[in-house]
Amino acid sequence: MSDISVPVAPAVPQGPGLTQAQRVIYTFTAPSKTFTDIKRSTSWWLPFVLTIVFGYGLFGAIQTKVGWEQVAENSIKQNPKQAEQMEKQTPEQRATAMKITVVATQVSFGALPLFALIGTAIIAGVLLATINFGFGGKVTFWQAFAVVFYAGLPGLFKMLLGIIALFVGLDPESFNVKNFAGTNIGYYLAPDTPKLLMSLATSIDITTIWTLVLASIGISIVAGIKRSSGYIAVFGWWIVTVLIGAGIAMLF
């Protein structure tokens, strides 16, 4: 009996992957498409570039509309304990402390690319360990790294709001470099609000929650786990960091 050949349907060719620009757009309109494409390619350069552009845009707005000396003065006034310590110092000591504060603030903005990479790498590493060992996922470091960068794109809106606020007439003496946009409850509280309450209120930020949701979706897709597991991992670590920040604010 002769063999009967069974026709095999030809493989359906896969279309080209998303471009970086499409990934950025879909992060806001159809995030599942972006994070599914990360399984094909872990490229993350465009979110990184956008973060740097918007970050230095905010840097320039602060320098133009507020000035770094004013930023330093505001930081001290917004911290009663630090202000009290400054009042006890000699004029020379106060001048030195102000210079140090100004330089430290400028350096923190100037080193934005380095901080962005280091911060993203730390978060990606924590998520990788949590997902792979805690939830049985299969995510690589660079997949997690790309997910974190794309999930962080809502932060661009916060920087843009900060830039707009500065150019439409925000009082330079009320500018808070640590909380420069009204996307959280803490922004609207009085400066003398107890630090514990201020820390918790500032943590409830629209762009932060948006980022956490995107990260939960992204990490669950690339790791091949339940969506609920992604939410538990991401929001669980966020709660831990919020509580640690609140504890530090209460103690110091």
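Each value in this text was obtained by applying a stated rule to the coordinates, not by laboratory testing. Predicted model, so just to flag it, every value in this text is computed and none were measured. For neighbour counting, all protein chains shown are included, and Cβ atoms are generated from backbone atoms with ideal geometry for every residue, glycine included.
Some observations on this one:
- Volume per residue of the C-alpha convex hull in the chain, rounded to whole Å³: 150
- Eligible lysines near residue 158 by straight Cα distance, threshold 26 Å, same-chain separation 8 or greater: 33, 65, 77, 178, 195
- Placing pseudo-labels 7 Å out from each Cα toward the beta carbon at residue 89 and residue 108 gives an inter-label distance of 1.6 nm.
- As a length-normalised measure over Cα pairs under 8 Å and 6 or more apart, the relative contact order of the range 113-231 settles at 30 percent.
- Span from the the range 192-225 Cα centroid across to the the range 124-146 one, whole angstrom: 18
- Those aspartates and glutamates that a straight Cα-Cα span of less than 20 Å connects to residue 138, excepting residues fewer than 8 apart in one chain: 37
- Helix 112-129 and the long axis of the chain differ in direction by around 50°, with both axes built from C-alpha atoms.
- When peptides 192-202, 121-131 are sorted by average Cβ neighbour count within 10 Å, with the highest value leading, the order is 121-131, 192-202.
- Taking the C-alpha atoms only, the angle from helix 206-223 to the longest principal axis of the chain is near 30 degrees.
- Helix axis angle, 45-65 relative to the chain longest principal axis, alpha carbon, degrees: 20
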